[in-house]
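Contents: one structure, followed by commentary.
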Amino acid sequence: MQRASQSARRAEASRPARGALTAGIDIGTTTVKAVVVDDEGHIVERRAVPSRLGLGPGGQLEHDARLTWWEAPRQVLADLLAVLGPEVLSAVAVAAFMPSVTAVDAQGCPLGPGLLYGDSRGQGAWGQGGPGATGDPTATDEMARLARWAAGEVPGAAGYWPAQAVANASLGGEGVVDLASAFAAGSLFGGSGWDEAACRSAGLAPGHLPRVAMFGEAVGRVGWPELSAPSGDGRPPPDVVLAAGSVDGLCEQLVAGAVQDGDVLVSLGSTLVVWLTVPGWPSQAPGLWRVPHLVAGKAMVGGASNAGGIWVDWVERLLGPGDGQGAESLRPDDVPIWWPWARGERVPLHDPGLRASLSGAGLAHGPGALRRGALEATGFVVRHILELASASGTRPGRALVSGGGVRNRAWLQALADVLGQPVVPAAASEGAARGAAFLARMALGLHTSLDDARRWAAWSTPVQPRPEWAAAAARRYEAWLAGLPERRAVPGKEVS
């Protein structure tokens, strides 16, 4: 600790003043990421540890909640503090996916598995093709169903909480979720508090769910025995504010800069998320979600798909090591076509029973061709969602790309080729963690408006489409559309 403190003081003396440093932690499906940023949003330090993810029979998708939601946030924060010195960090906030649920004890520590969005134990109307099904958890009561399963599996638990609340309890001693995460809990949240009737229907009481705070609100102080003990050189323990973070998607949007009409935001995370920025409050696009934009007077049309990182990682595991057939040996007109639903599909098909299929593969194709086809399939889903979203009356414009996939140049190139336009990758892949770090600054009173986060948007050199590849990909896209399953009449989803 003494060596770490000395190193931090030397580092602090050698760099220009950057105001308060804040940290953001993003509990992701496959990775828990943490960043420390300065007042301009520049990343000073970053750390990551793998999430403990389990894929079970029948569509189960769960985390080891104790390791991933309770221990991992402590680990990545402690690793950052060991490098920087705890005295230089002012505040921290946590972002995470929604919905998610685990049973917890009186301290908020998990007692069972952490059930994730899309887990078969949370499927309801959308998985059965019921009336009004949209696949959106706020409409299908996915969290209520997950909580009901958790309550039946671990009866008598002190609570049934999402990942954000568990992480906040681990870091600061109290289980808290932000308002946006509460709304993502569907009917369990009544707008002004947890709904007693909905909770009772799920086998819960309102007291089983965490306290709700506004995102960016100070909700406590970070402290656990390893952190709070006075240092050997007599310094007092650090005073790090714990702020309410938010849903990972909201945090990512905060710092993305997709604020102009027609801006497209593509998040290449474990889940693929596609949004088109539109003015006003447009008519519903069938099968898509419609949510308010963070900028007043605008909305976003699009939604989440299973054709993201979970899909790409599955293909990588399936293919194994390459056979020497690199991208340079591929021909634009000779790439197989994938329909990328290894776990069913969300927007716009809303069918968890769909499974992946492949067309046009032959003995001459090696892993390189199949990988390229898999990456193009993500692009086909993006293009399809945008074509449906354009029915709102706004033409898609510049394509901004965020998420961990910005580190995958081949994925970005395939996306640019399929869209037939440049795609602009974020300068840093940890968008949700950076957005959480901005909310931590709001808890310090350094910002009072979410609009201030726009200046943190930072992008890398655009990836340009290659004309010959774009033309071939356009032909494959038409064949891909022709091979889509018939889509049920599914209304769009409105979140007000």
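The values are calculated or read from the model by the stated rules, or taken from the named source; none is laboratory data. Just so you know, these numbers come straight off a predicted model, no measurement behind them. All Cβ positions, glycine included, derive from the backbone under ideal geometry; neighbour counts span all protein chains shown.
Here are a few things to note about the model shown:
- Being touching a Lys or Arg at 6+ places or on another chain (Cβ under 9 Å) and surrounded by 24 or more Cβ atoms within 10 Å (Cβ to Cβ) is a property that holds for Pro425.
- Only a single criterion out of (1) in contact (Cβ under 8 Å) with a residue 60 or more places away in the chain; (2) farther than 20 Å from Gly269 by Cβ is not satisfied by Ala474, namely (1).
- Screening Gly85 on (1) on the phi < 0 side of the Ramachandran plot; (2) modelled with pLDDT under 90 shows it passes everything except condition (1).
- Residues that are at pLDDT 95 or above, in the same structural domain as Trp275 (by TED's automatic domain parsing) and touching a Phe, Trp or Tyr at 6+ places or on another chain (Cβ under 7 Å) occur in the range 407-418; there is at least one.
- The strands (runs of 3 or more DSSP E) found wholly in the range 355-429 and carrying at least 2 residues that are out of contact with any Ser or Thr (no Cβ under 8 Å at 6 or more places or on another chain) occupy 357-359, 399-402.
- Some residue of the range 360-375 being in contact with a Gly (Cβ under 6 Å, 6 or more places away or on another chain) and either aliphatic (A, V, I, L, M) or not assigned by TED's automatic domain parsing to the domain that holds Ala473 (or both): no
- Top-ranked residue in the range 54-76 [being surrounded by fewer than 19 Cβ atoms within 10 Å (Cβ to Cβ) and aliphatic (A, V, I, L, M); ranked as nearest to Leu115 (Cα to Cα)]: Leu55
This table checks each residue for (1) under 18 Å from the mean Cα position of the chain (by Cα); (2) among the basic types (Lys, Arg).
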residue: Gln421; (1), (2): no, no
residue: Ala433; (1), (2): yes, no
residue: Arg441; (1), (2): no, yes
residue: Gly445; (1), (2): no, no
residue: Asp451; (1), (2): no, no
residue: Ser460; (1), (2): no, no
residue: Ala471; (1), (2): no, no
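- Considering the range 357-371, the residues that are under 15 Å from Leu319 (Cα atoms) and in contact with a helix residue (DSSP H, G or I) (Cβ under 8 Å, 6 or more places away or on another chain) include one that is surrounded by the most Cβ atoms within 10 Å (Cβ to Cβ), namely Arg371.
- Checked against the criteria, Thr22 does not count as hydroxyl-bearing (Ser, Thr, Tyr), in the same structural domain as Pro155 (by TED's automatic domain parsing), at pLDDT 95 or above and part of a helix (DSSP H, G or I).
- Flag if Val347 is assigned to a loop (DSSP other than H, G, I, E, B), surrounded by 22 or more Cβ atoms within 10 Å (Cβ to Cβ), under 20 Å from the mean Cα position of the chain (by Cα) and not polar (S, T, N, Q): yes
- Enumeration of residues in the range 174-201 that are without any contact (Cβ under 8 Å) to a residue 60 or more places away in the chain, in a loop (DSSP other than H, G, I, E, B) and touching a Phe, Trp or Tyr at 6+ places or on another chain (Cβ under 9 Å): Gly191, Asp195
- Residues that are of a type in the set (Val, Ile, Thr), closer than 30 Å to Gly19 by Cβ and touching a residue at least 24 places away in the same chain (Cβ under 8 Å) do occur in the range 392-410.
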